[in-house]
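Presented below is the structure to which this report refers.
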Amino acid sequence: MSAAQAALFVRSLAQANPAPETELHYTSPYTLLVAVALSAQATDVSVNKATATLFPLADTPEKMLALGEEGVGEHIRRIGLWKSKAKNVIALSRLLIERHGGQVPADRAALEALPGVGRKTANVVLNVAFGEEAMAVDTHIFRLGNRTGLAPGKTPRAVEDALMRRVPPELLRDAHHWLILHGRYVCKARAPECWRCVAREHCNYTDKVFSRLPPSP
Ligand code: SF4
């Protein structure tokens with residue numbers, strides 16, 4: 001896909017949804033960080049259900065530490081990998097207090113040094129909480145980047161780097177949301193819904209689907 005075509009692809013998503021937002025519920029950089037850490041291999045809906053009862057009790061690192069690992073576990077038991085996530089939430093809360101005065105640092109290296117926080121989580125926090133032009137590549141963006149030709153790459157990092165080069169600078173801030181939402185709801189894993197895709201004119205996928213599939217039995 002040429003750079004001009006890539007720009008048209010992303011612009012078409014932008015025009016259809018001028019003010020995109022994350023679907024995770026949060027009230028501060030800290031609650032965003034916890035929600036994103038909980039969302040690995042879990043749906044945003046399941047994370048929002050868990051944090052609906054967790055955050056009213058613990059929306060700061062200090063309150064989370066007071067709640068403790070078991071207390072956190074009681075709220076997140078329906079999320080995959082909940083035991084290790086409860087452990088990480090407590091450990092990262094402790095480190096935020098010890099190293100950063102209880103604040104979430106706006107710094108990639110400091111974020112990635114927190115337990116359970118990898119590049120993708122750091123990118124979401126840098127982008128959503130601090131307004132940085134960071135591109136978190138999840139399973140949806142990885143698939144979409146490769147399928148459409150927008151940002152081919154064998155690893156999430158390769159797709160991230162390609163997107164950072166190809167997305168027009170003025171759209172970089174929100175591109176992460178447009179691409180995730182597009183992958184989640186339209187350019188789906190099992191079968192892309194090309195018949196209702198606003199970017200189809202600019203997409204290089206050769207097996208576009210132009211009719212709705214029959215419902216699964
Ligand atoms: S045309 Fe189809 S394959 Fe291409 S981006 Fe749209 S939904 Fe995905």
Within the stretch 1-58, residues touching a residue at least 12 places away in the same chain (Cβ under 8 Å), under 17 Å from Val186 (Cα atoms) and of a type in the set (Ser, Thr, Tyr) come out as Ser12, Thr22
Note: among Gly131, Gly102, Gly80, just one is surrounded by fewer than 15 Cβ atoms within 10 Å (Cβ to Cβ) and under 15 Å from the mean Cα position of the chain (by Cα), namely Gly131
Ala86 fails exactly one of (1) closer than 23 Å to Lys49 by Cβ; (2) assigned to a loop (DSSP other than H, G, I, E, B), namely (2)
Taking the stretch 51-72 and keeping residues small (Gly, Ala, Ser), closer than 16 Å to Val36 by Cα and touching a helix residue (DSSP H, G or I) at 6+ places or on another chain (Cβ under 8 Å) leaves Ala58
When every residue in the stretch 177-217 that is in contact with a Ser or Thr (Cβ under 9 Å, 6 or more places away or on another chain) and assigned to a helix (DSSP H, G or I) is compared, the one nearest to the ligand (Cβ to nearest atom) is Arg200
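We did not get these values from a lab; they are worked out from the coordinates using the rules stated. Keep in mind that this is a model prediction, so the values were computed, not measured. Every residue, glycine as well, gets a Cβ built from its backbone with ideal geometry; the counts of neighbours run over all protein chains shown.
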